[in-house]
1. Give region 183-224 a look and list any residue that's of a type in the set (A, V, I, L, M) and outside any loop (DSSP other than H, G, I, E, B), or say none.
2. Hey, can you tell me all the residues within region 209-250 that are on the phi > 0 side of the Ramachandran plot and more than 21 Å from the chain's Cα centre (by Cα)?
3. Would you confirm, using the coordinates I've provided, whether residue 227 is in a helix (DSSP H, G or I) and touching a Ser or Thr at 6+ places or on another chain (Cβ under 6 Å)?
4. Among the residues of region 5-17, are any part of a loop (DSSP other than H, G, I, E, B) and closer than 19 Å to residue 157 by Cα?
5. I'd like to check something: does region 162-182 contain any residue that is exposed (fewer than 11 other Cβ atoms within 10 Å of the Cβ) and either part of a helix (DSSP H, G or I) or small (Gly, Ala, Ser) (or both)?
6. Would you confirm whether any residue within region 22-32 is in a loop (DSSP other than H, G, I, E, B), without any contact (Cβ under 8 Å) to a residue 24 or more places away in the chain and either loosely packed, with under 12 Cβ neighbours inside 10 Å or in contact with a helix residue (DSSP H, G or I) (Cβ under 6 Å, 6 or more places away or on another chain) (or both)?
7. Looking only at region 183-204, how many residues end up being out of contact with any helix residue (DSSP H, G or I) (no Cβ under 8 Å at 6 or more places or on another chain), under 30 Å from residue 126 (Cβ atoms) and surrounded by 13 or more Cβ atoms within 10 Å (Cβ to Cβ)?
8. Take residue 190 and decide whether it is under 25 Å from the mean Cα position of the chain (by Cα) and not assigned by TED's automatic domain parsing to the domain that holds residue 77.
Amino acid sequence: MLNDTIKTILSHRSIRKFTDESLSDEQIKLLVESAQMASTSSFIQAYTIIGVEDHSKKTKLSELAGNQPYVETNGHFFVFCADLYRHRVGSELEETNVEDSLESTEKFMVSLIDASLAAQNAAIAAESMGLGICYIGGLRNDITKVSELLNLPDYVIPLFGLAVGVPATKSDQKPRLPIENVYYKDAYPSNKDTVTEGLHHYNDIISDYYHKRTSGKRSDRWTEQVSQMLSQPSRPDMKDFVNKKGFMKS
């Protein structure tokens with residue numbers, strides 16, 4: 001049961017330092033083709049992948065993402081976008097009005113899901129080739145400038161980046177939530193104590209992970225980290241940007 005594909009998935013870790021070796025055209029093609037074979041809602045294929053090769057653009061994206069060096073220094077940088085623009089163009093070819101559908105919350109969700117599924121296919125493919133990956137949500141820190149830099153039309157939104165390359169170092173693997181905390185049979189637990197107990201257990205695991213990793217300098221709890229992060233809403237202009245791009249108007 002534990003085949004090579006599953007071993008690749010279970011050994012995942014984010015890589016934040018790559019060598020300067022570029023991906024070959026064949027590697028890039030394979031990753032994009034792998035992304036394309038992901039499941040897609042009703043065959044709508046509501047995403048686009050931008051491969052950023054221009055060094056000045058990668059430098060600018062690194063700045064916009066919060067000065068993350070691995071956005072600039074990697075084997076190849078992909079930007080995954082929710083894309084309903086081609087569907088609007090296609091509707092013009094068919095002389096059909098589809099704007100109410102394109103601007104619905106449902107189709108916005110479809111485009112996010114399609115893009116995410118495609119990206120994860122690419123990520124697994126990359127890791128199966130011995131490459132490392134790191135998702136870059138920081139592109140949404142200034143999503144308007146990212147959109148302008150990549151010349152994205154209405155109905156196209158940059159969701160996240162994917163840095164891919166040859167790992168220069170091998171990072172530690174962070175323990176995920178225990179399976180009993182994320183997999184419930186038949187229904188979500190009605191007793192909050194079930195969730196609370198699971199969080200206490202996971203806090204112990206994460207605190208021990210940081211304690212060992214930093215020789216006692218850190219012992220963060222997971223709920224401590226997440227609560228502090230969520231205590232201040234981030235990217236408050238996101239809804240306005242999404243609406244201006246033509247998404248989620250109904």
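The values are calculated or read from the model by the stated rules, or taken from the named source; none is laboratory data. Since the model is a prediction, treat every value here as computed from it, not as a measurement. Neighbour counts run over all protein chains shown; Cβ positions are idealised from the backbone, glycine included.
1. Those that are of a type in the set (A, V, I, L, M) and outside any loop (DSSP other than H, G, I, E, B): 195, 199, 205, 206.
2. Scanning region 209-250 gives 215, 216, 246.
3. Against the criterion (in a helix (DSSP H, G or I) and touching a Ser or Thr at 6+ places or on another chain (Cβ under 6 Å)), residue 227 does not qualify.
4. Our first condition is that a residue be part of a loop (DSSP other than H, G, I, E, B); within region 5-17, this holds for 11-13, 15-17.
Subsequent filtering for residues that are closer than 19 Å to residue 157 by Cα retains none.
No, region 5-17 contains no residue that is part of a loop (DSSP other than H, G, I, E, B) and closer than 19 Å to residue 157 by Cα.
5. Yes; the residues of region 162-182 include at least one that is exposed (fewer than 11 other Cβ atoms within 10 Å of the Cβ) and either part of a helix (DSSP H, G or I) or small (Gly, Ala, Ser) (or both).
6. Yes: one or more hits.
7. Final tally of qualifying residues: 0.
8. Values: under 25 Å from the mean Cα position of the chain (by Cα): no; not assigned by TED's automatic domain parsing to the domain that holds residue 77: yes.
In short, no.
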